[in-house]
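The values are calculated or read from the model by the stated rules, or taken from the named source; none is laboratory data. Given the structure is predicted, the values throughout are model-derived calculations rather than measurements. Counting neighbours? That spans all protein chains shown, and the Cβs are built from the backbone with ideal geometry, glycine included. Note: areas computed on protein heavy atoms with side chains; ligands, DNA, RNA excluded. Shrake-Rupley method; radii C 1.70, N 1.55, O 1.52, S 1.80 Å.
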Amino acid sequence: MARHAQSRARTRLSRRSKAVGGLALSTLVGTALWAWPASGDDHESPSDAKSTTSTTASGPDTPRTPAVAAKSAPNAAPNGSAGRPIPGLSDAARKRIPANARQVLVVTGKDMDSFQSRVVLYTREEGSNDWEAGPAWSAHNAAHGWTDDHHYGDLRSPIGVYTLTDAGGRLPAPDGTKLPYDHNGRFVADGTGVEGEPLAGAFDYVIAINYNRETGTSPLDPERPLGDAKGGGVWLHVDHDGPTQGCVSLKPKAMRQLLSTLDPDLHPVIVMGPAHF
């Protein structure tokens, strides 16, 4: 994934993670720059990120709580039948998928230390527990792989089940986007990635992963409910042909397709980690 900056003690100075030429969201709006510990790519965001103009397609109000994995869901269909479960996940991971989720984006890493992933979107009909596989894409995750205890600067992506409620990007929302979308010129990735690749365009499209963030806000929002040490700014964003600092990155076409498909009314979540976690 690319790297995201996270707010640190409200000092607004951009900071770059080790082993990375750094990607920083361009500085700005009326207060000094702030840096939040980079869990993915370094992002600089304005201090008033919560009030930036957003293009909001349909989407429910979301609680302002850290949505780290929603309440566990039964692995049986509402009518009591076993249903067809999502393959490749442990029973523990399946049980963490919220009962109301009807869109599940599964990101599966090759192994605990790999930065290469496969992404598949699963959906189910209302009243059914038969999960149907949809589009699949290759992706990158963090340079050092995965962790179930993510901290700022560890160059690992956090394992878990997280809701997907907010999006944004440097480019306008693709046609059909339903998630609230912050079209904002501050989604700019500068510098080079872990392997020296250019980061230009990495934040053309972004979907915030609700790890250690306030839901219902722009992905640029710096709040870290679990504290700065736990990292943050973990996004789905445009791939830059290399590993990230914590995010998951996909090709532009895949990001556009995701944005036009994810629907707040279907309560989308992401399940992410190494194979069979």
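Take the residues of the stretch 186-228 that are touching a residue at least 60 places away in the same chain (Cβ under 8 Å), among the small types (G, A, S) and out of contact with any Phe, Trp or Tyr (no Cβ under 6 Å at 6 or more places or on another chain): which is farthest from T163 (Cα to Cα)?
In this case the residue turns out to be G196.
Please enumerate the residues belonging to the stretch 100-143 that are touching a His at 6+ places or on another chain (Cβ under 9 Å) and either assigned to a loop (DSSP other than H, G, I, E, B) or without any contact (Cβ under 8 Å) to a residue 60 or more places away in the chain (or both).
Answer for the stretch 100-143, where residues must be touching a His at 6+ places or on another chain (Cβ under 9 Å) and either assigned to a loop (DSSP other than H, G, I, E, B) or without any contact (Cβ under 8 Å) to a residue 60 or more places away in the chain (or both): N100, A101, R102, D113, F115, Q116.
Are any residues in the stretch 129-152 within 13 Å of G83 (Cβ to Cβ) and at pLDDT 95 or above, and if so, which ones? If you could, list the steps in order and put the result at the bottom.
Narrowing the stretch 129-152 to residues within 13 Å of G83 (Cβ to Cβ): 129-132.
Matches in the stretch 129-152: D130, W131, E132.
Looking only at the stretch 133-149, decide whether some residue is more than 30 Å from L220 (Cβ to Cβ) and open to solvent by 40 Å² or more (accessible area, probe 1.4 Å).
Yes, the stretch 133-149 contains a residue that is more than 30 Å from L220 (Cβ to Cβ) and open to solvent by 40 Å² or more (accessible area, probe 1.4 Å).
Assigned to a strand (DSSP E or B) and more than 11 Å from the chain's Cα centre (by Cα), is that true of Y152?
Numbers: assigned to a strand (DSSP E or B): no; more than 11 Å from the chain's Cα centre (by Cα): yes.
Considered against the rule, which asks whether it is assigned to a strand (DSSP E or B) and more than 11 Å from the chain's Cα centre (by Cα), Y152 comes out as no.
Results for (1) under 12 Å from the mean Cα position of the chain (by Cα); (2) in contact (Cβ under 8 Å) with a residue 24 or more places away in the chain; (3) under 22 Å from A142 (Cα atoms), shown as yes or no for each residue.
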site	(1), (2), (3)
L236	yes, yes, yes
G242	no, yes, yes
S260	no, yes, no
H267	no, yes, no
V271	yes, yes, yes
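Among the numbered criteria (1) open to solvent by 50 Å² or more (accessible area, probe 1.4 Å); (2) β-branched (V, I, T); (3) closer than 15 Å to L236 by Cβ, which one does V120 miss?
(1)
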